[in-house]
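A.B. asks: Below: one structure in structure tokens.
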Amino acid sequence: MWCCVDPVKKASLKSSIVRACWNLDKGLKTWLDETGPLKDFPRVDVDDEGVGPTDPQDFTLAHSTLLYWTIYIILFMTVASILDPTLSHVPQNLDPRPFLRNIANALPYFWGPGAGLKGASMAAMPWGMSLHITYMALHLYDEERVLLERYVFMPRFVTAMRFLHSLHRSTATPELATVEGTEGMVRRARSWLLGGGNDEFLRLVSSLDDIPV
């Protein structure tokens, strides 16, 4: 859609994307109504081991809950990137903040007692996706970024963080793959999430903080 030069076709593509997003939103709500409540993950102290799975059913519900929140984050990213102007008037139900906080609260569970390697592999992608969102617009989601970054340097999370950093760099363009520190994370997040095709969005988010794009 971003690359389309035909305004009529571009508008049609945009409408198709929006319809698909609202259909998915409706489907998620229907699924939740039929399935029942999601798992609640209370916030724990950063040094707390957390409470891991109590049984297979609990583990299944926890994973489904995490995926539910992650899909809504992807829905937000998709809708926000095609609004005019970009990121304006995002529907309240797609506000990513509660989903980002929920994922941050859930992380100790998936690295907790009994979760094992399977738990870590389940939570790595949602954690990385959430960090990408917060780096995309630091000023908007700074509180959520702080919550998600609490675990970055903890020993039990180090392996997953190394994997996410490696994935982060491997999906970037060559000129962005070698940029270090916060600037590199921000630049790669914006390029990765938006495919480098939405210049208007990049200009907007760059005005929110001092990180260049």
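The values are calculated or read from the model by the stated rules, or taken from the named source; none is laboratory data. Because the structure is a prediction, the values reported are computed rather than measured. FYI the Cβ positions are ideal-geometry reconstructions off the backbone, even for glycines, and counts take in every protein chain you see.
A.B. asks: List the number of the failed condition for residue 57; all other conditions in (1) part of a helix (DSSP H, G or I); (2) at pLDDT below 90 hold.
C.D. replies: Every listed condition holds for residue 57 apart from (2).
A.B. asks: Picking from 59, 76, 110, 41, which residue would you name as being among the aromatic types (Phe, Trp, Tyr) and closer than 30 Å to residue 3 by Cβ?
C.D. replies: Only one candidate passes the filter, namely 76.
A.B. asks: Mind listing just one residue for me: the one in the stretch 9-48 that is of a type in the set (Val, Ile, Thr) and modelled with pLDDT under 95 and, of those, surrounded by the fewest Cβ atoms within 10 Å (Cβ to Cβ)?
C.D. replies: Here is the first cut: in the stretch 9-48, the residues of a type in the set (Val, Ile, Thr) are 17-18, 30, 35, 44, 46.
Filter once more, keeping what is modelled with pLDDT under 95: 17-18, 35, 44, 46.
Numbers: 17: 15, 18: 14, 35: 12, 44: 15, 46: 10.
By that ranking, first place goes to 46.
A.B. asks: Using the structure shown, decide if residue 145 is assigned to a helix (DSSP H, G or I), at pLDDT below 80 and basic (Lys, Arg).
C.D. replies: no
A.B. asks: Go over the candidates 32, 28 one by one and state the one that is over 16 Å from residue 79 (Cβ atoms), touching a Phe, Trp or Tyr at 6+ places or on another chain (Cβ under 8 Å) and part of a helix (DSSP H, G or I).
C.D. replies: Working: 28 fails: over 16 Å from residue 79 (Cβ atoms).
Selected residue: 32, the only one of 32, 28 that is over 16 Å from residue 79 (Cβ atoms), touching a Phe, Trp or Tyr at 6+ places or on another chain (Cβ under 8 Å) and part of a helix (DSSP H, G or I).
A.B. asks: Quick one: which of 113, 126 is touching a Gly at 6+ places or on another chain (Cβ under 6 Å) and either surrounded by 21 or more Cβ atoms within 10 Å (Cβ to Cβ) or part of a loop (DSSP other than H, G, I, E, B) (or both)?
C.D. replies: 113
A.B. asks: For a quick check of your reading of the model, give me the residue pairs whose first member lies in the stretch 131-160 and is more than 17 Å from residue 74 (Cα to Cα) and among the aliphatic types (A, V, I, L, M), whose second is at pLDDT below 70 and not in a helix (DSSP H, G or I), with beta-carbon atoms closer than 6 Å and at least 6 apart or on different chains.
C.D. replies: As it stands, the answer is 138/209, since those pairs meet every condition given.
A.B. asks: All but one of (1) touching a residue at least 40 places away in the same chain (Cβ under 8 Å); (2) among the small types (Gly, Ala, Ser); (3) out of contact with any Pro (no Cβ under 9 Å at 6 or more places or on another chain) hold for residue 52; state the number of the condition that does not hold.
C.D. replies: Exception for residue 52: condition (3).
A.B. asks: Any chance the stretch 59-66 includes a residue that's among the β-branched types (Val, Ile, Thr), on the phi < 0 side of the Ramachandran plot, free of Cβ contacts under 8 Å to residues at least 60 places away in the same chain and surrounded by 14 or more Cβ atoms within 10 Å (Cβ to Cβ)?
C.D. replies: Looking for residues that are among the β-branched types (Val, Ile, Thr), on the phi < 0 side of the Ramachandran plot, free of Cβ contacts under 8 Å to residues at least 60 places away in the same chain and surrounded by 14 or more Cβ atoms within 10 Å (Cβ to Cβ), one finds at least one in the stretch 59-66, hence yes.
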